[in-house]
1. So what is the calculated 222 nm ellipticity per residue for the chain, using -39500 (n - 2.57) for each DSSP H run with n of 4 or more, over all residues, to the nearest 500 deg cm²/dmol?
2. Can you sort His53, His46, His116 by solvent-accessible area, 1.4 Å probe, largest first?
3. Any idea of the accessible area per residue across the chain, 1.4 Å probe, to the nearest Å²?
4. Return a single number: how many Lys pairs in region 2-122, at a sequence separation of 8 or more or on separate chains, have alpha-carbon atoms below 27 angstrom apart.
5. Are there chymotrypsin sites (Phe, Trp or Tyr not before Pro) in region 1-65 that DSSP puts in a loop and that have at most 16 other Cβ atoms within 10 Å, and which ones?
6. Could you pull out every residue, at least 5 positions away or on a different chain, whose amide H is within less than 5 Å of the one on Thr166? Hs are placed 1.01 Å off N in the peptide plane, and Pro or chain starts have none.
7. For the chain, what is the relative contact order in percent, using Cα pairs closer than 8 Å and at least 6 residues apart in sequence?
8. Give me the number: length gained by fully extending Gln113 to Leu7, i.e. 0.36 nm times residue separation minus the C-alpha to C-alpha distance, one decimal in nm.
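The values are calculated or read from the model by the stated rules, or taken from the named source; none is laboratory data. Note that the structure is a prediction, hence the values are computed from the model and not measured. A quick note on method: Cβ atoms are made from the backbone with ideal geometry, for glycine too, and the neighbour counts reach across all protein chains shown. All accessible areas refer to the heavy atoms of the entire protein, side chains included, with ligands and DNA or RNA removed. Shrake-Rupley method; radii C 1.70, N 1.55, O 1.52, S 1.80 Å.
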Amino acid sequence: LVFRDVLTGLFNLRYFDQQLAKEWARATRNGSALSVILVDVDFFKHFNDLYGHIAGDKCLTSVAQTLVLAVARPRDIAARFGGEEFVILLPETDEAGAQEVAERCQRLVEKLQIPHEKSGDNPYVSFSMGVGTVTPSPDMEPTAFINAVDKLLYAAKQNGRNRIETADLA
């Protein structure tokens, strides 16, 4: 089975779902924290409309490679969530550690300085992130956790984009 996204080379959503289930069970057993970062490229439709789909694909690939650089430990994974959305799974990582990884992602994408004339105040490609941390228990579902992190991502976009919204979702 192939667990890589063809365009970006990142793990695909199917692989992410499998790893999330595995790490969720481990964290439930061990009483350890589990963090997830959802990443969405800001104004990506405008980027594609302005620069074209080939440039859009190149942008997504650059962002994906940046996310890989931001995750350091062997069980940390970056995956393509869909479209211009990505996800990072951080086992045994508390809220402060997840915030640190999110900030590293932001710094690395800023260094790329990919021009984006239609991204509001910022002349470069940026992204919004929702960062959630939980210590899973047997009565909790991973899907509800991912939905809660997605709400944080949505809040980051609503609150001005190019920002990180973090919460301990215990």
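1. Result for the chain: -15500 deg cm²/dmol, rounded to the nearest 500.
2. Values: His53 130, His46 85, His116 0 Å².
Solvent-accessible surface, decreasing: His53, His46, His116.
3. On a per-residue basis, the chain sits at 50 Å².
4. Number of lysine pairs found: 5.
5. Phe3
6. The answer is Val131.
7. Over the chain, the number comes to 29 percent.
8. Contour length minus the Cα-Cα distance gives 36.1 nm.
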